[in-house]
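Quick note: the coordinates plus some simple rules give every number you see, no bench work behind them. On a predicted model such as this, the values are computed, not experimentally measured, just so you know. All Cβ positions, even for glycine, are placed from backbone atoms using ideal geometry, and neighbour counts span all protein chains on display.
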Amino acid sequence: MRRRGAGRARGIRRAAALLLAAGLAAATPRAGLAKKKPAEKPPTAATPAAGADTSEVLYRIGGQPLTRADVQRRLDELPEGMRSNFATPEGRQQLLDRMVEERIWLLTAEREGVPERPKVQQQIASQRRDLVIRTYVTEVMGSNPAPGDSELKAYYDSHAADFHVPATATVRHIQTRSRDLAHNVLRLARAKQDWNKLCMKYSTDSLSRGNGGYLGSVTRDGQFPILGRQPALAESVFALGAGKIGGPWKAANSWHVIKVEEVVEEGQRSFDQVKTSITRQISGQRSQDFYRSKLDDARKRLGVTPDSAAIKRYTTQKKGAREMFKDAQDQPTAEARIAAYRSLLTAYPDSEVCAQAAFMVGFTYSEELKNYDAAEKAFRELLARYPKSELAASAQWMIAHMRTEEAPAFVQSAADSLATTRPAAGAPGNHAGKP
């Protein structure tokens, strides 16, 4: 019981400390984001009922009108199959209710300054960039002509070997342990006794016995689905011919009676059979080549001038502190994690994640390697270098209790680290809070 209690306490210590150290390091401030409805498309040709006044105002929301033309534009945006959902009075009212709800939230969000938030502006710019690029590239690629029949046929003729079909034989067998028993099975099979019953009675191949000894198709190279590679047996199968029963043939430690159900001679797949696959292959390669060509043309027209020195400085820049912390967490062994955390402390001694990294060094020594002296040294280094850290109290607690079976008192505060109330002053969990 003492050992089980010690393991449980250390497991709790591990969970709590990981919540505190790793969780604090990974935390990043998140600005409140409000979803922004997609901007409405420019007006399109509406198709209102004959004589309808499209400028008629249906609602006024925040002083802004919602007109029949607005509703018609929304209908025009919908796929043809969905428009029938709003053809009835009830459907039209549902659409109006939805548009009013959208307009209420949009105007409210605009009055709260949501569109001006940097994050929202960034997303709008990103979506605009992607839409513009996608639209233009789609138009450019649409001018790439499809391959003609003459090109497809030329490819077929020049790659004839790719469409060669080897001869195949569909085979069943009855496997026995002795030649004499195989001869007896062969005699019974040639006497027109039921093959499946003979297979169930005599075959020692448990994998195929239940389905009449079916081995599937084999080519002349002799690769049988169940028996493995048996070139000599394959040659015998093809020499026997379709509809014949023969044997016995020896393979490894067994004897086989063979029934050949069908033989398909080698041949060539016709052009019509492979035309679709050739079209797909040529079109794919042509699209890649066409895209690269158009990209190179655009690059030359615009002018692209690289600064090799600046590029090298950017691509070879060292990782940031948080990235190094995450890399350290992902290391496969305790020793590797400790080394990675120490590298972070050396590279970024004043980073906001250094206290967490220092704590994880001590914690890994204590809970994974059971090297309490090294752990205590690491925790004391944390206290000396980062005395005001939120993890200082936890480090002190670990120094005092890591060699005991006690579970840390800061477990609860770790779970409450995002709560508005904080632990009482002086409690070991008092460090848990905002990163």
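Would you mind calculating the gained length between V165 and Q121 on full extension (0.36 nm times residue separation, minus the Cα-Cα distance), in nm to one decimal?
Full extension of this stretch gives 9.9 nm more.
Rounded to whole Å, give me the distance from the Cα center of region 259-279 to that of region 120-153.
So the separation of the two Cα centres works out to 37 Å.
Take the Cβ-Cβ distance between A310 and E335 as r, set R0 to 35 Å, and report the resulting FRET efficiency rounded to the nearest 0.05.
0.40
Please order D272, D162 by the number of other Cβ within 10 Å, starting at the fewest.
So the ranking, lowest neighbour count to highest, is D272, D162.
If you take every residue apart from H159 with its C-beta less than 12 Å away from the C-beta of H159, what net charge results, scoring Lys and Arg +1 and Asp and Glu -1?
Residues close to H159 contribute a combined charge of 0.
Using the 10 angstrom Cβ neighbour count as an exposure proxy, how do T305, T135 rank, fewest first?
In order of increasing Cβ crowding within 10 Å: T305, T135.
Around D180, under 15 Å between beta carbons, what's the net of Lys plus Arg minus Asp minus Glu among the other residues?
For residues surrounding D180, the net value is +4.
Using r as the Cβ-Cβ distance of D221 and S158, and R0 as 30 Å, what FRET efficiency do you calculate, to the nearest 0.05?
0.70
Say each of R280 and D350 gets a label point 7 Å from the Cα, pointing the same way as Cα to Cβ; how far apart are those two points in nm?
A separation of 6.0 nm, rounded to one decimal place.
Taking the beta-carbon count within 10 Å as an exposure proxy, list Y156, Y291, Y341 from fewest neighbours to most.
So the ranking, lowest neighbour count to highest, is Y291, Y156, Y341.
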